[in-house]
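Have a look at the structure below before the remarks.
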Amino acid sequence: MNIVDIINKKEEGNELSYEEIKYAVDGYLADEVKDYQMSSLLMAIEIKGMNIEEIYNLTKVMIDSGDIIDLSSINGIKVDKHSTGGVGDKTTLVVGPLAAVCGIKIAKMSGRALGFTGGTIDKLESIKGFNTNLSKEEFINQVNDIGLSITTTAGNLVPADKKIYALRDVSGTTEAIPLIASSIMSKKIASGSDKIIIDVKVGKGAFMKTLDDARLLSKTMIEIGKRFNKEVIAIITNMDYPLGNTIGNSLEVQEAIDTLNGNGDERFTKLCLILSSYMVSVGKNISIEDAFDEVVEKLNNKEGLNKFYEFIKYQGGDINSLEFGKNKIEIKSDKEGYLTDIDTLNLAGFINSLGAGRKDKNDKINPKVGFILTKKINDKIEKNDTLGYVISDSDIDINNLNNYFIIDSKNIDEINIVLDIIK
Ligand code: URA
């Protein structure tokens, strides 16, 4: 077999066999297939696509590149939740405790931020002492004890995805549906949960820009899940604007606490309630309506908040240690009208450039910096109204940041946070 023949075969739009996919992926992990060859193959896949058999085979080869976590020593149904990546996305910090307190076992392996998306692990590391490097035993014991644990490690999970994902990020192939589906599903299947809820983001601040693409990605992941005997539900949600009121690591942890305390942004709270209801519904085999009632009760009686505190403490974190940048720089509107849009990607890029995210995987995160949004879509804006605050650690140039907030004379039709649910 020869990598150039495999690249040419995909370039001509032909189906790759299991053996050819394995040859390319294993060869890349072993450094026998070079970066430039793998980039060509990834681009051929982005342009010509893959059928479901090929996507299944790619997923299988990726899973087999590393460990599969065995969660069978955790009693009860394990439900995982994944987001395809968004700006200000701290949902895991809210839905994890809410679902756990309803009796669902959450053994979650999470990632760090790359590109414009945030990573749950970076957010948790803004809490001093919080251990994101649990051993497999610590991870499993914690879930048996308190129902919830989040770690980065506990096994060498899908090393092929780590290497290929980093290459996709610099070779313009992050948006190919077969590559996203196999990347997500290989990690979800290798991390061992029984059922998986996937929050598929669509919009200007997401990989999927159209609802049609988000539906296709969802159906692909559900079909791959079926072939591995895993129930997958995709909740397609709007990602045109940042999620909630904050972007940035410490700020988002604080917002998760506020949300669990009942003081969250309405749209964000609604999303968290829907995602956790589906986790509880599939985990306990009860109707979505009953699950919703249970989750709302746990939010209102603060059991979700108490579970969050218990989880942070159990992993060694001091929740009183959150730190925020000392500079709070006001962003004012220079027009009047209605807030009709936010340039989410550029706003996230600006905040990341202050240290909230990373360009390179070795960049160090500054947990203290971020942005607080003070206006919502369709809010009436007067000239000089505050649109938000940059939270920074140093003096920075905020030139033209108000241009990221689009003010128009007419308001717009509201876009629902949940756009479709696919089972
Ligand atoms: N999240 C992943 O894990 N992989 C992708 O390819 C995109 C989002």
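Bear in mind that the values in this text are calculations on the coordinates, not laboratory data. In this text the structure is predicted, and so the values were computed from the model without any measurement. Positions of Cβ are generated from backbone atoms using ideal geometry, with glycine treated the same way; all protein chains shown enter the neighbour counts.
Around residue 148, which amide H atoms from residues at least 5 apart in sequence, or from another chain, sit under 5 Å from its own amide H, with H modelled in the peptide plane?
Placed amide hydrogens put 106 under 5 Å from residue 148.
Could you pull out which residues in region 232-264 have an amide N less than 16 Å from a spot 7 Å beyond the Cα of residue 302, following the Cα-Cβ vector?
257-264
List the residues whose amide H sits under 5 Å from the amide H of residue 199, counting only those 5 or more places along or on another chain, with H placed 1.01 Å from N in the peptide plane.
82, 83, 84, 235
What's the FRET efficiency of residue 8 with residue 52 using the Cβ-Cβ distance as r and R₀ = 30 Å, to the nearest 0.05?
0.85
What is the extension gain from residue 18 to residue 323, computed as 0.36 nm multiplied by their sequence separation minus the C-alpha to C-alpha distance, in nm to one decimal?
Additional length available on full extension: 104.8 nm.
How large is Rg over Rh for region 313-419, taking Rg from the Cα atoms and Rh as the Kirkwood inverse mean of 1/r across Cα pairs? Please report the intermediate quantities before stating the final value.
Working: Rg = 16.3 Å, Rh = 15.6 Å.
Rg/Rh: 1.04.
Quick one: putting +1 on the C-beta of Lys and Arg, -1 on the C-beta of Asp and Glu, what dipole do you get for region 79-320 around its Cα centre, in Debye to the nearest 20?
700
Which value results for Rg/Rh of the chain when Rg is the Cα radius of gyration and Rh the Kirkwood radius based on the inverse mean 1/r?
Computed over Cα atoms, the ratio is 0.97.
For an R0 of 51 angstrom, estimate the FRET efficiency from the Cβ-Cβ distance between residue 35 and residue 382 and round to the nearest 0.05. Mind showing how you got there, number by number?
On the way: r = 53 Å, r/R0 = 1.03.
Computed FRET efficiency for residue 35 and residue 382 comes out at 0.45.
Where does each of 223-234, 81-92 land if you order them by average Cβ count within 10 Å, highest first?
Sorting 223-234, 81-92 by mean packing, highest first, produces 81-92, 223-234.
Which value, in debye to the nearest 20, gives the size of the charge dipole of the chain about its Cα centre, when Lys and Arg are +1 and Asp and Glu are -1 at the Cβ?
I would put it at about 440 debye.
Per the Kirkwood treatment, what hydrodynamic radius in Å, one decimal, follows for region 79-320 from the mean inverse distance over all distinct Cα pairs? List each step's numbers first, then the result.
Details: mean 1/r = 0.0561 Å⁻¹.
For region 79-320, inverting the mean 1/r across all distinct Cα pairs yields 17.8 Å.
Over the chain, what is the percentage of antiparallel beta bridges among all DSSP beta bridges, to the nearest 5? Could you put the intermediate results ahead of the total?
Numbers: 23 of 42 bridges.
Of those bridges, close to 55 percent are antiparallel.
Just list whichever of 123/328; 60/90; 123/383 have alpha carbons separated by over 31 Å in the model shown.
Details: 123/328 20 Å; 60/90 29 Å; 123/383 34 Å.
Going by Cα-Cα distance, 123/383 fall outside the 31 Å limit.
Over every pair of different alpha-carbon atoms in region 3-49, take the mean of 1/r and invert it; report that Kirkwood radius in Å.
About 10.4 Å for region 3-49.
Taking the simple approach of a point 7 Å from Cα along Cα-to-Cβ for both residue 418 and residue 229, what is their distance in nm?
So the label points at residue 418 and residue 229 sit 3.0 nm apart.
Points 7 angstrom from Cα along the Cβ direction at residue 137 and residue 287: gap in nanometres?
It is 4.6 nm.
What's the extension gain from residue 364 to residue 270 if we count 0.36 nm per residue and subtract their Cα-Cα distance?
Additional length available on full extension: 30.6 nm.
Work out, step by step, the length gained on full extension between residue 128 and residue 75: first 0.36 nm times the residue separation, then minus their alpha carbon distance; give nm to one decimal.
On the way: separation 53, 0.36 × 53 = 19.08 nm, distance 3.03 nm.
So the chain would gain 16.0 nm between residue 128 and residue 75.
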